[in-house]
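Novice: I am attaching a structure below and will ask some questions about it afterwards.
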Amino acid sequence: MAKSGNVGILELNAYRESAGEKIDPLLQRHLANSGAASVLFYQEPIEMVSARGVWMEDAGGTRYLDFYNNVPSVGHCHPRVVEAVSAQIATLNIHTRYLNAKLEAYIEALKATLPDALSNVVLACSGSEANDLAMRVAMKATDARGFVVTDQAYHGNTALVTEVSPAAFLQGALPDHVVAIPAPDLANFEGEDLGEAFASALSEAAAELKRRGHGFAGFICDSIFSSDGIFPGDPGFLQKAVAATHAAGGLYIADEVQPGFARTGEAFWGFGRHGVTPDIVTMGKPMGNGFPMAGMVARPDLLAGFCNDVGYFNTFGGNPVAACAGLAVLEVIAEEGLQENARLVGGHLKEKLDGLAETIDTIGAVRGAGLFIGVDIETDGAPDAAKAKRIIEGLKQRRVLAGAAGKHANTLKLRPPLCLSEQDADFFFEALAETLKALPTET
């Protein structure tokens with residue numbers, strides 16, 4: 001299936017060397033070492049040296065409000081997580097072939113946040129690994145290899161997962177066993193019931209995969225559709241798509257790397273907003289607050305069927321240090337009320353952004369759930385990626401870090417740590433308002 005000119009995810013707000021540019025010595029070393037694989041942000045990349053809470057500090061002592069990172073989800077260098085990791089790494093860190101009580105305590109705490117049917121947990125080191133395993137489990141269970149995704153989805157960077165990540169493609173076509181459907185944007189399904197229209201598109205895609213001879217293994221989606229441009233939709237609208245997935249014989253894989261761990265404010269997991277139970281759940285980035293860890297959770301029958309065939313082992317997945325980091329994250333979310341904070345502060349910020357959109361033509365739609373908000377940047381009602389990039393650079397000048405998302409690269413992606421306060425949110429809002437006001441004069 002041909003790719004329709006989407007902007008690659010690594011191109012968003014990316015540094016690109018300019019002819020005649022005077023390059024900082026550290027940047028020069030980085031470019032020499034990383035070559036074409038360099039993925040720095042900003043036209044003047046930042047050297048970060050420390051962070052705490054929602055603030056980061058560069059080598060020159062400038063502090064930046066972090067509105068981009070969902071990795072340190074409970075706050076940069078949270079003392080509870082730092083203490084847990086430091087104590088365990090000073091005691092024992094080993095592979096996963098031995099019993100460890102702290103690991104089992106973590107898994108049991110994690111399972112307590114999930115539907116009862118999802119009772120088997122496999123830990124890994126990255127969301128890419130978790131999604132790779134989930135796809136393999138789904139292919140084994142269905143005896144099929146076809147997958148449906150949205151047209152700007154990103155699910156990771158292994159060979160298998162890249163195939164279901166249209167946002168990773170800079171050119172060329174998706175593999176024949178992958179069909180991409182439009183994201184659940186009301187603009188894509190104008191005048192239709194969003195849930196029904198999205199489910200219908202999914203059913204047609206599954207049928208197409210069967211016509212091609214691949215069968216239908218499953219539908220994998222991030223329920224906030226972050227790479228597509230952030231489309232949380234109304235709670236419950238995904239129910240019909242999940243039903244359509246099962247009716248077509250496939251599995252529903254919920255990729256919770258982005259919406260999971262209380263980010264939406266409405267539920268601990270993104271799929272929880274919709275009242276559905278996935279067949280498989282994957283998770284990553286915010287799981288360890290910066291310590292590399294990820295996981296796949298599945299029904300026992302699915303995992304048993306896969307392991308009877310090839311099995312799975314991950315040297316570092318579920319190591320004792322990761323378990324302690326993960327448990328500390330769960331405890332902090334609960335004890336500090338971060339899900340409720342995401343709901344309240346996210347609602348406060350979205351209300352202010354909605355008000356700004358009514359007065360400034362540059363802002364189109366504002367969408368979000370909790371502390372995951374997308375703001376479309378437009379010119380004369382059309383997506384404007386260049387303007388979005390100027391705004392991101394302008395925010396940086398005003399000490400705020402933000403990113404971009406979406407098929408047209410024109411959506412500001414706002415995804416701060418869950419401990420964001422209303423005062424921090426107001427700091428961001430004022431910086432954005434000043435940046436928008438200065439647009440005619442800044443380049």
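Novice: Within the stretch 48-62, can one find any residue that is outside any strand (DSSP E or B), surrounded by fewer than 21 Cβ atoms within 10 Å (Cβ to Cβ) and in contact with a helix residue (DSSP H, G or I) (Cβ under 7 Å, 6 or more places away or on another chain)?
Specialist: Within the stretch 48-62, not a single residue is outside any strand (DSSP E or B), surrounded by fewer than 21 Cβ atoms within 10 Å (Cβ to Cβ) and in contact with a helix residue (DSSP H, G or I) (Cβ under 7 Å, 6 or more places away or on another chain).
Novice: Is there any pair linking a residue in the stretch 277-298 that is closer than 24 Å to A241 by Cα and modelled with pLDDT of 95 or more to one that is assigned to a strand (DSSP E or B) and of a type in the set (F, W, Y), with Cβ under 6 Å and at least six apart or on different chains, and which?
Specialist: P278/Y252; D279/Y252
Novice: Follow-up. Just checking, does the stretch 401-421 include any residue being in a helix (DSSP H, G or I) and surrounded by 17 or more Cβ atoms within 10 Å (Cβ to Cβ)?
Specialist: The answer is no, given that none of the residues of the stretch 401-421 is in a helix (DSSP H, G or I) and surrounded by 17 or more Cβ atoms within 10 Å (Cβ to Cβ).
Novice: Give the residue, chosen from G265, G260, G290, that is under 16 Å from the mean Cα position of the chain (by Cα), farther than 17 Å from L327 by Cα and assigned to a loop (DSSP other than H, G, I, E, B). Step through it out loud before you land on a result.
Specialist: Details: G260 fails: farther than 17 Å from L327 by Cα; G290 fails: farther than 17 Å from L327 by Cα.
None of the other options fit; the residue is G265.
Novice: If you check G368 against the conditions, is it under 20 Å from the mean Cα position of the chain (by Cα) and surrounded by 22 or more Cβ atoms within 10 Å (Cβ to Cβ)?
Specialist: For G368, the condition - under 20 Å from the mean Cα position of the chain (by Cα) and surrounded by 22 or more Cβ atoms within 10 Å (Cβ to Cβ) - is met.
Novice: If I ask for residues that are outside any loop (DSSP other than H, G, I, E, B) and either within 21 Å of the chain's Cα centre (by Cα) or not assigned by TED's automatic domain parsing to the domain that holds P184 (or both), which ones from the stretch 211-244 would you list?
Specialist: Matches in the stretch 211-244: G218, F219, I220, C221, Q239, A241, V242.
Novice: Any residue in the stretch 355-383 that's more than 29 Å from A267 (Cβ to Cβ) and touching a residue at least 12 places away in the same chain (Cβ under 8 Å): show its pairings with residues that are among the polar types (S, T, N, Q) and surrounded by fewer than 22 Cβ atoms within 10 Å (Cβ to Cβ) at Cβ separation under 7 Å, as long as the two are six or more apart or on different chains.
Specialist: Listed pairs, sorted by first residue: E378/T362.
Novice: Also, I was wondering about something else. Condition first: among the aliphatic types (A, V, I, L, M) and at pLDDT 95 or above. Can you find one or more residues in the stretch 164-172 that meet it?
Specialist: yes
Every residue, every condition in (1) over 23 Å from the mean Cα position of the chain (by Cα); (2) in a loop (DSSP other than H, G, I, E, B); (3) in the same structural domain as A425 (by TED's automatic domain parsing); (4) surrounded by fewer than 23 Cβ atoms within 10 Å (Cβ to Cβ), yes or no:
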position: V297; (1), (2), (3), (4): no, no, no, no
position: D301; (1), (2), (3), (4): yes, no, no, yes
position: A304; (1), (2), (3), (4): yes, no, no, yes
position: V329; (1), (2), (3), (4): no, no, no, no
position: A342; (1), (2), (3), (4): no, no, yes, no
position: G346; (1), (2), (3), (4): no, no, yes, no
position: L349; (1), (2), (3), (4): no, no, yes, no
position: G355; (1), (2), (3), (4): yes, no, yes, yes
position: V375; (1), (2), (3), (4): no, no, yes, no
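The values are calculated or read from the model by the stated rules, or taken from the named source; none is laboratory data. Keep in mind the model is a prediction, meaning the values are calculated, not measured. Heads up, the Cβs are rebuilt from the backbone with ideal geometry, glycines too, and the neighbour counts pull from every protein chain shown.
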